[in-house]
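The values are calculated or read from the model by the stated rules, or taken from the named source; none is laboratory data. No experiment lies behind these values; they were computed from the predicted model shown. Glycine also receives a Cβ, built like all others from the backbone with ideal geometry; neighbour counts cover every protein chain displayed. Remember, those area values only see protein heavy atoms, side chains included, never the ligands or the DNA or RNA. Shrake-Rupley method; radii C 1.70, N 1.55, O 1.52, S 1.80 Å.
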Amino acid sequence: MTPIDEIRRIAGALPDPEMPALTIADLGILRDVRVDSGGHVEIDITPTYSGCPALDTIREDLERCIRDQGYDDVTVRVVLSPAWTTEWMSEAGRIKLREYGIAPPRQQVFDVHALKIAVACPQCTSSRTHEVAHFGSTQCQAVRACDACGETFPHFKEH
Amino acid sequence: MTLVVASAAAVSTLRIADDCLVLSHRLAQWSSLAPTLEDDVALTNIALDLLGQARAMYERTAELDGTGRSEDDYVFMRDEREFVNCLLVEQENGDFARTMVRQLLCSTYQLAQWQALTDSTDAQVAAIAARAVKETSYHRDHATDWTLRLGDGTDESHARMERALADLWPFSVELFESDDVSRDAAATGYGPDPRSLRPEWQAYVNRVLADATLVVPQSTWQPTGGRQGLHTEPFGYMVAEMQHLHRSFPGATW
């Protein structure tokens, strides 16, 4: 395995501090890994939301875990463009989210307001659900309730 | 600290950063006080989005004005007269109706502004705007829902919305004022001339108010001055509270 592949694998496996069931690779936050001839490692990450408080933690965790692997010279850059979208979340990430009890973001969404695809309940899979609140326990989540089983559940908003 | 003479792009960036920061601080004052748990969470989430937008724009301002100031320098080390936010964002929260009217007027304006800024010739600002558009469209949805619910609600909620609208509407005029800075910024392709945002804002707000059975106030009072650092009385108190810790313990970290 080349250093770049190894670093990509280690960095990608880092859990998200707010949703530890998901890795930063699952979320699509990890954008690029570069290693120059002098052994300097540069990792690009992108924030999900402008004020996401998890970003500083992710940056520190990343630097530490790459150093622990023997790469002493590490820079983690925060890149804003192109802006992160839930379309970058991996299929594995969507499955893990559902198993964790959070309805994953719907795919191929170009206009959230024109959206008609149902959000399925992560508990009973019914598509008869409704939104309780736009805003949930983190910036990226909304709160929904299931009309079939009665459970409320978080929904990872399309973004 | 004296006012830094900077480019139109730097001042325009600072104006937007200050709008976001001050509105964020006002909304954060609702923490633990909102009428329902869901809205406590919503208002503080919106505040967090705005704070993130402010931080990104302060960072960009420091690059554009060449001072290399930190975000904290802008927020905690400037005096009231050095803030260039519009007057609307600094108005006190009042009751929930008043906060929702302020949110409707502000978020509709900010959404139009961020949309225009996605075409900015400043690539960094365009990138910040691309993310902010998505966030701000949720803010506008939230304010719209509550405007409809309270305006077309009970006699009491309707009356409170009417009162809030009469109080805050005059402050909306300032949002669309052009000056040398905004004209210069528009000419260089940095961002929109505020005047150009008015038709879209007016159309949206009028439609929501009509659906909410509220009447657009006829107002002749047009307070202005925020962009030049001249603020309304409640702002000084807000700044004093916001800066108190940092002023008492300079450089404090935790």
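Summary table below
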{"quantity": "Single residue of region A:131-151 satisfying the filter (farther than 18 Å from B:ASP39 by Cβ, open to solvent by 20 Å² or more (accessible area, probe 1.4 Å) and in contact with a Lys or Arg (Cβ under 8 Å, 6 or more places away or on another chain)) that is farthest from the other protein chains (Cβ to nearest Cβ)", "calculated": "A:ALA148"}
{"quantity": "Boolean, B:ASP155 is over 17 Å from the mean Cα position of the chain (by Cα) and either open to solvent by less than 10 Å² (accessible area, probe 1.4 Å) or more than 30 Å from A:THR85 (Cα to Cα) (or both)", "calculated": "yes"}
{"quantity": "Index of the failed condition, B:MET77 passing every other in (1) within 13 Å of chain A (Cβ to nearest Cβ); (2) touching a residue at least 40 places away in the same chain (Cβ under 8 Å); (3) among the hydrophobic types (A, V, I, L, M, F, W, C)", "calculated": "(1)"}
{"quantity": "A:THR86 vs. criteria modelled with pLDDT of 90 or more and closer than 25 Å to B:LEU50 by Cβ", "calculated": "yes"}
{"quantity": "Count of residues meeting criterion [part of a helix (DSSP H, G or I) and either under 20 Å from B:TRP169 (Cα atoms) or at pLDDT below 95 (or both)] in region B:77-102", "calculated": "11"}
{"quantity": "All positions within region B:106-152 that are in contact (Cβ under 8 Å) with a residue 60 or more places away in the chain, of a type in the set (A, V, I, L, M) and crowded, with 21+ Cβ neighbours inside 10 Å", "calculated": "B:ALA112, B:LEU117, B:VAL125, B:ILE128, B:ALA132, B:LEU150"}
{"quantity": "Answer residue from region A:7-56, given it is assigned to a strand (DSSP E or B) and open to solvent by less than 40 Å² (accessible area, probe 1.4 Å) and is nearest to B:ALA132 (Cα to Cα) among those", "calculated": "A:ILE45"}
{"quantity": "Failed criterion for A:LYS116 (all others in (1) open to solvent by 10 Å² or more (accessible area, probe 1.4 Å); (2) part of a loop (DSSP other than H, G, I, E, B); (3) modelled with pLDDT of 90 or more; (4) not aliphatic (A, V, I, L, M) hold)", "calculated": "(3)"}
